[in-house]
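Each reported figure results from applying straightforward, stated rules to the coordinates on display, with no laboratory input. Computed from a predicted model, the values in this text were never measured in an experiment. Backbone-built Cβ (ideal geometry, glycine too); neighbour counts: all protein chains shown.
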Amino acid sequence: MLATRLGTPGWAIVDCRHELMRPQAGRTAFAEGHIPGAVFLHMDDDLSGPRTGHNGRHPLPQPEVLAHRLGAIGIDSTSQVIVYDAQGGMMAARLWWLLRWLGHDAVAVLDGGLPHWQARGFALTGETNAPDSGLLEWRLRDWVVDTAAIEAHLPASAGTASGRAFEASAMRGAGADFILIDARANDRYRGENETIDPLAGHVPGARNHPFSTNLAANGCFRSAEELRSLWQATLSGRGAGDTVQMCGSGVSACHNLLALEVAGLPGSRLYAGSWSEWCSATHRPIAQGAEPA
């Protein structure tokens, strides 16, 4: 339990609270109160790279830049890192995945995040600390799929013309070696309620598994058994290693990656640019409506 390990040497606690429509809300909330000893990292400024307009809303940071930033807050290659947010792990899972992408496996998400911490009566503080810097050695893992790979595995029925909506179908056919799974809510996946990105819909052939499905009613992750059952239904007989996870900008997709690990179904990869990168170019086809059969 984290509450009994506060102040433990070698443990690093990172607050990742963030709101997509209010980018400074997490930093403000951290100043008002956070878990003692925690350090704040911002989704846009620390856990993402520079945006070009064509690489998504939260492009991956350069590995060396990220490692340097993590070292500056005291994380080194021996650190046990605990990350949390107030969004059911949606934001914290991003740092969980980034650290493991760098080769650092000693990282965990605080289940239930800050709401669960407070519900159990544990204290918050407004005090900040300046941890000693560390050296995080990294070795990048090949866990990222780019847009070119997604384009190369579109269903034959998807077409290439701009401005059309296509019927969704499974990513089958010669050379297809993965299933694309979209973590966004059903309505955004179907193209019915897009409030963040300029175009609505999903990548042709992608299946939908909203990240919220991974959570129980109390905001904590479902049990490993429940997650395994839910994910096996989405996988339809395929292995997790045959999947690529995406979402709006590569953030909530990491929640699905974490859920797969909890379920004992490792091996999936991340389409980091996700929908915000995909829809930034008008030549890429867009599907709307229900999931593929």
query: Does the stretch 2-119 classify as rounded, prolate or oblate by the C-alpha gyration tensor (a ≥ b ≥ c root eigenvalues; a/c under 1.5 gives rounded; else a/b over b/c gives prolate, otherwise oblate)?
result: oblate
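Using the Cβ atoms and a cut-off under 9 Å, what net charge is assigned to the surroundings of Ser249, where Lys and Arg are +1 and Asp and Glu are -1?
Working: positive: Arg57; negative: Asp197, Glu277.
Value of the local net charge: -1.
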query: Would you list Arg284, Arg22 from fewest to most Cβ contacts within 10 Å?
result: Arg22, Arg284
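Cut-off is 10 Å between beta-carbons; in what order do His54, His104 appear when sorted fewest neighbours first? The partial results should precede the final answer.
Working: His54 12, His104 21.
Result, fewest neighbours first: His54, His104.
I'd like the Kirkwood hydrodynamic radius of the stretch 144-287, using the inverse of the mean 1/r over distinct C-alpha pairs, in Å. Mind dumping the intermediate values first?
Working: mean 1/r = 0.0659 Å⁻¹.
Final number for the Kirkwood radius of the stretch 144-287 is 15.2 Å.
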task: Count the net charge of all other residues whose Cβ sits under 11 Å from the Cβ of Ile82, scoring Lys and Arg as +1 and Asp and Glu as -1.
output: -1
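Anything in the chain that counts as a DSSP H helix reaching 15 Å or more along its axis (C-alpha) with Kyte-Doolittle mean of at least -1.0? List them, would you?
Counting only whole DSSP H runs, the qualifying helices are 224-235, 252-262.
Taking K and R as +1 and D and E as -1, what net charge do the other residues with C-beta under 13 Å from the C-beta of Phe40 add up to? Mind dumping the intermediate values first?
Details: positive: Arg17, Arg27, Arg69; negative: Asp15, Glu32, Asp44, Asp45, Asp46, Asp85, Glu127.
Result for the local shell: -4.
Relative to the present Cα-Cα distance, how much length would full extension add between Gln24 and Thr282 at 0.36 nm per residue of separation?
Working: separation 258, 0.36 × 258 = 92.88 nm, distance 3.08 nm.
89.8 nm is the gain from fully extending Gln24 to Thr282.
Is the stretch 191-232 rounded, prolate or oblate when judged by the Cα gyration tensor, a ≥ b ≥ c being the square roots of its eigenvalues, rounded requiring a/c under 1.5 and prolate requiring a/b larger than b/c?
Numbers: a/c = 4.79, a/b = 1.85, b/c = 2.59.
Here the stretch 191-232 falls in the oblate category.
So how do Phe211, Phe122 line up by other beta-carbon neighbours within 10 Å, fewest first?
On the way: Phe211 26, Phe122 15.
Arranged by neighbour count, lowest to highest, Phe211, Phe122 become Phe122, Phe211.
Take every DSSP beta bridge whose two residues both sit in the chain, then give the antiparallel share in percent to the nearest 5. Don't jump to the answer; show the numbers that get you there.
Working: 4 of 26 bridges.
About 15 percent, rounded to the nearest 5.
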